[in-house]
Amino acid sequence: MIGSFSDLLAIIREDYNAHGRDWTKPGFRTVMVHRFGVWRMGIRNKFIRAPFSVIYRWGFRRCRNVYGIEIPYTVELGRRVIIEHQGGIVIHGNCKIGDDSIIRQNCTLGIRSLDELDAAPILKERVNVGAGAALLGRITLGAGAQVGANAVVLTDVPPGALAAGVPAKIRLPSKEA
């Protein structure tokens with residue numbers, strides 16, 4: 001939870017460093033707008049929060065329409081999450097994304113059916129999602145899991161495993177060192 005404005009600036013600085021200290025990257029800008037949206041919801045008084053909400057909605061729509069990255073403020077976004085490339089990234093509002101995860105272009109993290117509107121994916125720490133992947137439904141990707149490019153993941157992925165293919169098949173890490 002982001003408390004004070006200085007907390008907001010500290011976490012944005014952390015995201016800035018994670019994105020290669022390049023403030024022009026669309027991924028960084030979208031994460032920054034998300035962090036701002038979360039921070040503004042901490043303002044209890046609706047009249048004071050209103051101008052910040054207008055700024056957030058403008059930033060959210062700009063990121064969605066210009067960069068093609070959609071991350072609502074309701075997403076539980078961990079620290080140092082990297083949005084690697086712009087374009088076609090849609091993340092459902094009930095998703096949870098762990099620290100140090102990477103999401104690449106054309107990824108969808110969303111629901112599988114309109115019958116379960118809150119059944120969204122949960123990504124643990126250090127999950128690496130390849131370009132074009134679709135993670136659908138109430139699934140959990142364990143710490144250090146990897147999702148191959150264009151994979152369609154419909155089941156849980158154990159920690160450290162690789163999910164690849166359509167539908168994704170799970171490949172566990174080998175025990176050999």
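Here each label is just a point 7 Å from Cα along the line to Cβ, and for residue 47 and residue 74 those points are 2.8 nm apart.
Summing Lys and Arg as +1 and Asp and Glu as -1 over all other residues whose Cβ lies under 10 Å from the Cβ of residue 11 gives a net charge of +1.
Restrict the search to segment 42-146; then list the trypsin sites (Lys or Arg not before Pro) that DSSP places in a loop and that have at most 14 other Cβ atoms within 10 Å of their Cβ. All intermediate terms of the calculation are to be shown ahead of the outcome.
On the way: sites: 44, 46, 49, 57, 61, 62, 64, 79, 80, 96, 104, 112, 124, 126, 138; in loops: 44, 79, 80, 104, 112, 124, 126, 138.
Answer in residue order: 44, 79, 138.
Quote the FRET efficiency, to the nearest 0.05, computed for residue 54 versus residue 154 with a Förster distance R0 of 30 Å and r equal to the Cβ-Cβ distance.
On the way: r = 39 Å, r/R0 = 1.28.
Rounded to the nearest 0.05, the efficiency is 0.20.
With only Lys, Arg, Asp and Glu charged, each at its Cβ (+1 for the first two, -1 for the last two), find how big the charge dipole of the chain is about the Cα centre; round to the nearest 20 debye. Intermediate values should be presented prior to the final figure.
Details: 24 positive and 15 negative charges, 104 e Å.
With only Lys, Arg, Asp and Glu charged at Cβ, the dipole is about 500 debye.
Each residue of segment 56-63 was assigned a 3J(HN,Hα) from its phi angle through the Karplus curve 6.51 cos²θ - 1.76 cosθ + 1.60 (θ = phi - 60°); the sequence is 4, 4, 4, x, 4, 5, 5, 4 Hz, with glycine and proline shown as x. For the chain, the tally of Lys pairs with Cα-Cα distances below 25 Å comes to 6, considering only residues 8 or more apart or on different chains. For the pair residue 166 and residue 116 in one chain, pulling the backbone fully straight at 0.36 nm per residue adds 15.8 nm over the alpha carbon distance.
Residue 98 sits among other residues whose Cβ lies under 11 Å from its own Cβ, and their net charge, with Lys and Arg +1 and Asp and Glu -1, is +1. Compared with the direct C-alpha span, the chain from residue 138 to residue 22 gains 38.4 nm at full extension, assuming 0.36 nm per residue.
Of the GluC sites (Glu not before Pro) in segment 74-164, the ones in a loop by DSSP (not H, G, I, E or B) with at most 12 other beta carbons within 10 Å are 116.
No lab work stands behind these numbers, since they all come straight from the coordinates. As the structure is a prediction and not an experimental result, all values here were calculated from the model. Every residue, glycine among them, receives a Cβ derived from its backbone with ideal geometry; neighbour counts consider all protein chains shown.
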